[in-house]
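The values are calculated or read from the model by the stated rules, or taken from the named source; none is laboratory data. Fair warning: this is a prediction, and the values are worked out from it, not measured in the lab. Because the Cβ atoms are built from the backbone with ideal geometry, glycine has one as well, and the counts that use them run over all protein chains shown. Quick note on the areas: whole protein, heavy atoms, side chains included, nothing else; ligands and nucleic acids left out. Shrake-Rupley method; radii C 1.70, N 1.55, O 1.52, S 1.80 Å.
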Amino acid sequence: MSRTQSPPGAARAGRALPQAAAALVVVLLLLVIVRLPWAGDLGMHAATIERLRHNLFHPGNPLVDADTPSPYYSPWMLVLGLATKLTGLSVFVVLRLAALVGLTLLVTGVWRYVRTLTPHRAAPALALLSLLFLWGQLLFNWSGFLGLNSLALTVSYPSALALGLTFHFWAWLTRATREQAEQAAWGRWLWLGVLWALILLCHQFTGVVASLGALAMVIAARPSRPVLLRLAGALALGLLLLWLWPYYDFFSLFSAGADLEAIHKPLYEDLAARFGLVLLGVAALVLRFRRDRWDPLVLFFALGVLVFAAGGLSGHYSWGRALPAALIPAQLAAALEVVSAGRRAVRVGWACVLGAALAVGAWTQVGTLGYVTGRAALPSVVAAKYRTPWVGYHWITPWVKYGDVVMARTTPARQIPAYGAYTVAPGYPDVFLKDAARRDDAVTRYFAAGTSAADRAGILREYGVKWVVGPKRLAGPGLRKVKAGPASQVLYRVVP
């Protein structure tokens, strides 16, 4: 047995441990899907499916009663809307099924892409664990980011599906660029163009990450001219599909307003606390660069850092959503170094360091267990890391029907449309809603303490409001209390 080979028993144990850990994490996520904790954008996606269930071809704005397009009307949401319409299942059941599909694509996609980088059997499991746990000591949740806690809350979102498709896309692209020109069939390349467009339509920010990764892989492969010709054909087909998509103008998103920049500015805060453990992956990338100047993960990381830094320096903070293009290659590199380093002693040492880092990251995100068990079942030290999901607004549904307009502030407005109602102002920025600022101002004026009853009544008439969700102090002429809800909220019916 050579010095670089491991004893058979040690090799089997080295594979089995990360594979078992990865399997347990996948089971945890499956149990989370059963509970479907509500936070963030879940209401937006549920509302989108509701609109498509009622009108597949002309759904209108998903949040407010207005005839506008929306970037949320993606091919995947169209499939989910059609499934809801045909089966009669509730939107939240369909979202659970969507989460199951997204998780399956993600796990299999990571496995397939990592296998293009190394044949080692433990590598895919190590890679999945690194993607989920190699973050930092400050919890960070955002769609399109693969931390365990973040994924638990967003696994039903289109971003999870897009990430899964992205890893499959990279695996197919890597294999296609390695083929000889005469073997590189046009059909495979055109399929890659279709898949690229699908990812961009399903989640635009993940599409940017997918594109940066694809660019890095093409550069690393240094393809021949015939392969470049096929690549150009795939790119042209993808652009054509983006242009032809009927539900919204994809290319108009490049001129999105300043609201997106303000929302994304926090992406540039607390970087060391949120992503400090990824530095281990940066060190692994340095080692990979020393072995191969054309390493695809190194190139991918460099492109991601470049776009992220450009966004911070220019004030285009929405470019910060490209940060996974730097995180993913670093996390993968950290995992792959365990099986790539030359000497066994170096591999073992690296595995120990990675294991310690993953343990720190897992402890940071241990509160994710609460999405399965609830806070009461958690030990106090774990419960302190648990973030309670939103309660939801199912309590208004016996009275508020599909298409009714509800006056509500921002946080309720992010959830109420999930049940089929509209709100006066959208709970999220909407680049296609021209009067969004006017609607926001109307909501602010309505709930302001100094607004007269006559002014409030005028706002309700202007927007055809049938219901109001607000505090007890609103009780008065023109409103009749119907139901008291959580957090001192009250549902009022608007009466003449």
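With n ≥ 4 as the cut-off for DSSP H runs, can you work out [θ] at 222 nm for the chain, using -39500 (n - 2.57) per run divided by the number of residues, rounded to the nearest 500? Don't skip to the answer; put the middle values down first.
Details: 21 runs with 290 residues, N = 496.
Rounded to the nearest 500, it is -19000 deg cm²/dmol.
With everything on Cα atoms, drop me the angle between helix 344-364 and the longest principal axis of the chain, reported from 0 to 90° to the nearest 10.
Around 10 degrees separate the two axes.
Taking loop as defined by DSSP and a crowding limit of 16 other beta carbons within 10 Å, which trypsin sites (Lys or Arg not before Pro) in the range 318-348 fit? Intermediate values should be presented prior to the final figure.
Numbers: sites: 321, 343, 344, 347; in loops: 343.
Within the range 318-348, the qualifying trypsin sites (Lys or Arg not before Pro) (loop, at most 16 other Cβ atoms within 10 Å) are 343.
Carbon and sulfur together cover what percent of the accessible area of the chain at a 1.4 Å probe radius?
Its accessible area is 64 percent carbon and sulfur atoms.
Can you give the local net charge around residue 404? Use residues other than it whose beta-carbon is closer than 12 angstrom to its beta-carbon, Lys and Arg +1, Asp and Glu -1.
+2
Using Cα positions and a limit of under 17 Å, work out the lysines in reach of residue 472, with same-chain residues fewer than 8 apart set aside.
Hits, sequence-local ones excluded: 481, 483.
Residue 24 to residue 67: extension gain in nm, 0.36 nm per residue of separation minus the Cα-Cα distance?
10.9 nm
Among the aspartates and glutamates, select those whose C-alpha is under 16 Å from the C-alpha of residue 401, and discard any that sit fewer than 8 residues away in the same chain.
Within reach: 50, 65.
Measure off 7 Å from each Cα along the Cα-to-Cβ vector at residue 100 and residue 34, then give the distance between these two points in nanometres to one decimal.
Those two pseudo-labels are separated by 1.2 nm.
Would you kindly state how much longer the chain becomes between residue 309 and residue 449 on full extension, computed as 0.36 nm times their sequence separation minus their alpha carbon distance, in nm to one decimal?
So the extension gain works out to 46.1 nm.
Once amide H atoms are built 1.01 Å from N in the peptide plane, which residues 5 or more positions from residue 483, or in another chain, come under 5 Å H to H?
HN-HN under 5 Å from residue 483: 491.
Say each of residue 316 and residue 190 gets a label point 7 Å from the Cα, pointing the same way as Cα to Cβ; how far apart are those two points in nm?
Going from the residue 316 label point to the residue 190 one covers 3.3 nm.
In nanometres, what is the gap between the two model label sites at residue 55 and residue 401, each 7 Å from Cα along Cα-to-Cβ?
It is 1.7 nm.
In the range 20-40, which residues have a backbone nitrogen under 20 Å from the label point lying 7 Å from residue 373's Cα in the Cα-to-Cβ direction?
Counting backbone N atoms under 20 Å from the label point, the list is 21-38.
List, in order, the whole-Hz ³J(HN,Hα) value for each residue of the range 48-54 obtained from phi through the Karplus relation with A = 6.51, B = -1.76, C = 1.60 and θ = phi - 60°; use x for Gly and Pro.
4, 5, 4, 5, 5, 5, 8
Here is the link list: 385/466; 265/434; 265/385. Which ones come out longer than 30 Å on Cα distance?
Cα-Cα > 30 Å for 385/466; rest within.
Keeping all protein chains in place, calculate the accessible area per residue for the chain (probe 1.4 angstrom), answer in Å². Kindly include the intermediate steps, with their values, before the conclusion.
Numbers: 21640 Å² over 496 residues.
Spelled out: the 1.4 Å probe surface of the chain, per residue, equals 44 Å².
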